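Encoded as C-alpha cells, the structure appears first; notes follow it.
The values are calculated or read from the model by the stated rules, or taken from the named source; none is laboratory data. Here the structure is a predicted model, which means the values were calculated and not measured. Positions of Cβ are backbone-derived with ideal geometry, glycine not excepted, and every protein chain shown enters the neighbour counts. The protein model used for the area step is the full one, side chains on, heavy atoms only, and it has no ligands, DNA or RNA in it. Shrake-Rupley method; radii C 1.70, N 1.55, O 1.52, S 1.80 Å.
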Amino acid sequence: MAAHRCSFSAVLFALWGLSLLTVARGQEATLEGNDRTAVVDNPESVAGAAEQAAGQPAAEDRRWEATAVEEVSPTEAGGGSDSPAPKPAASPPSVPRPKDDFQEELVIRPLHSGDIYTSFQFRTLWETDFTRENKVSHYRLFPKSLGQVISKFSVRELHISFTQGYWRTMQWGQPYLPSPPGAELWVWFQDSLTDVDGTWKELTNVLSGIFCASLNFIDSTNTVQPSASFKPLGIGNVTDHRFLRYATLPREIVCTENLTPWKKLLPCGSKAGLAVLLKSEKLFHSSFHSQAVHIRPVCKDDQCKTTSWELRQTLNVVFDLHNSGQGKNEWSLFKMFSRTLTEACPVASSSKIYIDITDNSQGEQFELSPATPLLSQAVVLGDRRTFSVYDLTQQITFGTMRSLNLLIRGKSSQGDMLRPLLHAERYVAGYGLQTGEIHTLMYNNHPYRSFPVLLLDSVPWYLRLYIHTLTVTSKGKDNKPSYIHYQPSKDRVRPHLLEMLVQLPPNSVTEVTLQFERALLKWTEYTPDPNHGFYVGSSVISSLVPSIVAMDTNNSRERPLFSSFFPSKEESSYFVRVYTEPLLVNLPTPDFSMPYNVICLTCTVVAVGYGSLYNLLTRSFQIEEPSPGLAKRIANIIRKMRGVPPL
C-alpha cells in the first residue's frame, strides 16, 4: 500500500508542474498580442514617422530624380526625438541576392530641324563566368544563344550593329551611340585562343544565323586588325591587337528579318515594357534606323572585386517630319510607333522615359504633356542636359486611363543647334576609270583648342593605294601625322589598312588625300549589278574631345544608360567616335551584253551552216513523178468506172 501511495503522489506532482508551465506560456502570448494590438491601433504614429522620413517631396511642383541612395539614421528618420527607434528587421539570410538585372530606357530628343530622335536602351547584367570549364546551363534574363556564343568562341567583347541610312551630324548633332551605314562587327577574343582567324570565320557564320543577316560574307578580304582605333570598352584597356577583328559590310540592307531576332533577345520580348513600341512598320519608315548589340565584362563596384557580363541592346531612330505625312510639328508615341505604353517589363528593375528639355526650359520650343514633376540631369557628350523623367514602374505615371501617350507639340523652330566639335566627310574625286583620289575632311569646330584624332581607313584590295601620295593639310599647311600604321593589301586576300594620328588645329578643316588605281577583276568577281558600283566602308575617326563640363570618371556609379556606354577616364574630355559616308566607286566593267550577242551569233551560224551540211550528208533523195493534171485524173476515174485501164 505504501508503494501505491508514493506512485500516486508522484503523478499528482507532475500534473501540477505541467499546469504551471501552461499558464506561464499563456501569459507571454497575451502580452505579445497586446503589444501588436497597440501598434496596429495607433496608425497615426506610423504614418507620421513615414512622412518625416520621406521629407515630404510631393509638396514641391517639380523635383529632381535621386542619383544616389543615401542611408538615413533612425534618429533623423524619427524627427530627432529622444525615444529609441525600433531596429530594422534583418532580411532572412536564406533569400539569395539576384545575380542578374534588367533595365530599359527610352530617350526622346526633339531636333531643331523638326525631326525627332528616339533612342532605346536595354541592358542586362549577369554576374557569371562564361570562361569556366563547367558550362553555364541555367539562363534567366540573359539570352542563351548569346551566352553559348561567348563560351564556345572565347569572346571577350562583341559589338555588332545594323544601320539603314546615314547620320547627318550637322543637322542632328552627335548620336548617343554612333554606327556606320550597313553592318559593322568587331570582336575581342580571349588571350588563350590559338586559332583566331578560324574562330572568327565560325563566329560570323553563327551570328549570321542568329540575326538573319549576310555576315557570312565577311572573310579575309574585308577583315582588318586595327592597332589603336578600337580598344576594349569593358574591363582591361590594354590588350594585344592580334586578338581583335574588325569588318564592315556597307551594302547590308536592314529589314524586319533583322529586327525580329533582335527583339527576341529581350527578357520580355515585344510583349511588355518599352519593346511594345518596336513596330517594324513604323521603325523602317524613318530617315535613320540603327540597331546594335554590345557584350562586354564590366565592374560592379569601384574596386572591381566582382565583375558582370553586360548585354546592351540599342535602337536609334530618327523620324522625319515631312515623311510622317503630318503637316504640323506634333509628335506622340502613337503617331511615332502606332502604340502606347500600358506597363513596364515585369522583370525590369528600372523602366524610364527621358525627354530632353535642355533647350526648352521655359516651354518656348515645345509643349510636353502629360507633364511630370520628376527631372534629371546627366552629362551627355560633354554637355549637361536636363530631362523630364517618366518612371514606368510607378502606376501613377499611366494615370486613370492606364495608358501613357506622350505628346510633344512644337511651338517654334527658332534657335540654333550647337555645332558638334568634331565632324567628318569623305568623297571620291577624279575622272575616268583608271585612277582616282580619296578625300577625307575632318572639322574641328572648337574655337581655341586643338586635339588629336585617330583615323582608320580600310580600303578593298581592288583599289590599289599609292601610299606615297598621302598628304595631310590644315589651313593650307602640311600637317604631319605623329603616328602612321599601314598594312598593304594582297590581291584577293586582304584589304588595305591605314591608321594615323593627326592633330587638328582649332577652328580648322584638315584634309587627307590619297590616290588610288582601279584594278581589273575577273568576270566571276563582279556583282550581279556591276554598273551600280562597289561600296567602300566608312572611315572611323576616334578622339578625346574637350568637354564643356567636368566628366564623371566613376564608371560604377548609377547613371542613365544613354550616358554611361563609353567609360570616362579624364574629367576634361570625353570619347567620341565618328563615321564618314561610305564610298561608291565604279570599276572598269566589261560589256556583259557581248557574251549574249556572241552566243546568239554563234548559235545562228551553227544552226544554218552545220544544219545544212548535216541534211546534205544524211538525207536520201528519191525521184518522184509529177502529178497528172485535172483532165487526166477525171479521164482515169471514168476509165476506172468502165473497167478500162487508166491512161
Roughly speaking, to the nearest percent, how much of segment 516-623's 1.4 Å accessible area is carbon and sulfur? 61 percent
Share of segment 100-410's accessible area from carbon and sulfur, percent, 1.4 Å? 48 percent
Ranked highest first by average number of other Cβ atoms within 10 Å, how do 621-630, 425-434, 162-171, 197-206 line up? 162-171, 197-206, 425-434, 621-630
If you put +1 on each Lys and Arg Cβ and -1 on each Asp and Glu Cβ, how big is the dipole of segment 422-585 around its Cα centre, in Debye rounded to 20? 220 debye
Report, in debye and to the nearest 20, how large the dipole of segment 100-410 comes out about its Cα centre when Lys and Arg carry +1 and Asp and Glu carry -1 on their Cβ. 460 debye
Taking only the alpha-carbon positions of segment 422-585 and ignoring solvent, what does the Debye formula give for the base-10 log of I(q)/I(0) at q = 0.08, 0.11, 0.13, 0.17 Å⁻¹? -0.31, -0.55, -0.72, -1.04
Using a cut-off of 27 Å between alpha-carbon atoms, which lysines can reach Lys411, once sequence neighbours fewer than 8 places away in the same chain are excluded? Lys282, Lys328, Lys335, Lys352
Here the net charge surrounding Pro232, from other residues whose Cβ is less than 10 Å away from its Cβ (Lys, Arg +1; Asp, Glu -1), is +2
Largest first, what is the accessible-area ranking of His468, His289 with a 1.4 Å probe? His468, His289
Place +1 on the Cβ of every Lys and Arg and -1 on the Cβ of every Asp and Glu in segment 100-410, take the dipole about the Cα centre, and give the residue among Phe337, Val187, His159 whose Cα lies farthest towards its positive end. Phe337
In nanometres, the difference between 0.36 nm per residue of separation and the alpha-carbon distance of Lys480 and Ser572 is 30.6 nm
Straight-line reach from Lys632: which lysines have Cα under 18 Å away, leaving out those fewer than 8 places along the same chain? Lys640
Just how large is the dipole of segment 245-356 about the Cα centre, in debye to the nearest 20, putting +1 at every Lys and Arg Cβ and -1 at every Asp and Glu Cβ? 220 debye
For segment 231-314, the per residue accessible area (1.4 Å probe, Å²) is 40 Å²
Checking rank on 443-453, 181-191, with mean other Cβ inside 10 Å and highest first, the result is 181-191, 443-453
For Thr260, what accessible surface area do you get with a 1.4 Å probe? Give it in Å², rounded to 10. 60 Å²
Sites matching trypsin sites (Lys or Arg not before Pro) across segment 267-330 that sit in DSSP coil, with at most 12 neighbouring C-beta atoms within 10 Å: Lys271, Lys305, Lys328
Links exceeding 25 Å between C-alpha atoms in this model, out of Lys201/Lys231; Lys477/Lys569; Lys135/Lys279, come to Lys477/Lys569; Lys135/Lys279
Heavy atoms of His485: accessible area, 1.4 Å probe, square angstrom to 10: 60 Å²
